[in-house]
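Please treat every number below as a calculation from the coordinates, not as lab data. What you see is a predicted model; the values in this text were computed from it and never measured. Cβ: placed from backbone, ideal geometry, glycine included. Neighbour counts: every protein chain shown.
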Amino acid sequence: MKIRLAFVILSLLLLAHGAICQQRPKVTGLSHLGVYTTDPAKSERFYVHDLGAMKGPDPENSAGVRYSFSATQFIEVLPMPPG
C-alpha cells in the first residue's frame, strides 16, 4: 500500500513539474478592453485628453462608447450596471 501511495505521489509531482515547465506563447498585442465607469465625463477626459484616443460610438452597445487608439485597438467604456 505504501509503495502504491508513493508511486501516485511521485506521478503527480512529475505531472505538475511538466505543466510548470511548459513553454507558453508570448502576448504580442491587445485588441480591445472593456471597462465600466460611474463618471462618463471623467472617462472621456482621461481617454481623449490624457491618452489621445478618438471617441466613437459603440456598435455593440448603444449605452457604451469606444475610445480608439488605432484601427485595431480600442477601449469600450460602459456605464456601471446597477448594484
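A protection proxy built from the mean count of other Cβ atoms within 10 Å ranks the segments 47-57, 65-75, most packed first, as 65-75, 47-57. Using 0.36 nm per residue and subtracting the Cα-Cα separation, the extra length available between residue 22 and residue 6 on full extension is 3.3 nm. Ignoring lysines fewer than eight residues from residue 55 along the same chain, the ones with Cα atoms less than 27 angstrom from its Cα are 42. Can you give me the angle between helix 2-20 and the longest principal axis of the chain, using Cα atoms only, in degrees from 0 to 90, rounded to the nearest 10? Here the helix axis deviates by roughly 30 degrees. Only one of the listed values, (i) 29, 18, 11; (ii) 48, 17, 10; (iii) 28, 15, 7, was derived from the coordinates as semi-axes √(5λ) of the Cα gyration tensor in Å; which label is it? Correct label, based on the coordinates given: (ii).
So what's the net charge close to residue 52: Lys and Arg +1, Asp and Glu -1, counting the other residues with Cβ under 13 Å from its Cβ?
0
Take every Cα pair under 8 Å whose residues are at least 6 apart in sequence, average their separation, divide by the length of the chain, and the relative contact order is 28 percent.
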